[in-house]
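The values are calculated or read from the model by the stated rules, or taken from the named source; none is laboratory data. For clarity, every value in this text was computed on a predicted model and none was experimentally measured. Glycine gets a Cβ as well: all are built from the backbone with ideal geometry, and neighbour counts include every protein chain shown.
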Amino acid sequence: MAVVARVGEAVKGVLLTLLCVAGIACGQVLFKKGAQSLGADAGLTGLLFNSWILVALIIYGAATLLWIHVLRETALSVAYPLFALTFIIVPLLASILLNEPLQSKTLIGGVLIVVGVYWSIQGHA
């Protein structure tokens, strides 16, 4: 019974970490949208009142608070490698939502990252 509870906690930690990863990836896309919408002479005021950037900051803040919660209950050796998934999620989202080109090198690198992350947390979760 204790083993089942431990496995359940590990899976919960992985899922919460993936939620953090999704938040950070979405925040990056929103930061890009905000940057694109700024004028060339936008100063601090422009940044502070840019709705894209404000939403990105809120999402980043929420993801950071969730990350702190995750670290209380999940081994850093399990949680941190999952953050590498942002290196494939962000380009995929940028391609879909911002119409940025997606190169085959990025996809191949993404596959290597996913394999590496899986390998590094194997046996932990």
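Brief remarks follow.
- Selection within region 19-47 - surrounded by fewer than 16 Cβ atoms within 10 Å (Cβ to Cβ), at pLDDT 75 or above and hydrophobic (A, V, I, L, M, F, W, C): Leu19, Ala35, Leu38
- Test: residue in region 104-111 that is under 27 Å from Lys12 (Cβ atoms) and surrounded by fewer than 14 Cβ atoms within 10 Å (Cβ to Cβ): yes
- If the condition is being over 18 Å from the mean Cα position of the chain (by Cα) and assigned to a helix (DSSP H, G or I), then region 93-114 contributes Ser104, Lys105, Ile108.
- Taking each residue of region 99-125 that is without any contact (Cβ under 8 Å) to a residue 24 or more places away in the chain and looking for partners that are of a type in the set (S, T, N, Q) and assigned to a helix (DSSP H, G or I) with beta-carbon atoms closer than 8 Å, six or more apart or interchain, yields Pro101/Ser95; Leu102/Ser95.
- Hits in region 64-103 - residues which are of a type in the set (A, V, I, L, M, F, W, C), within 21 Å of Lys12 (Cα to Cα) and in contact with a Leu (Cβ under 8 Å, 6 or more places away or on another chain): Leu66, Val70, Ala79, Leu82, Leu85
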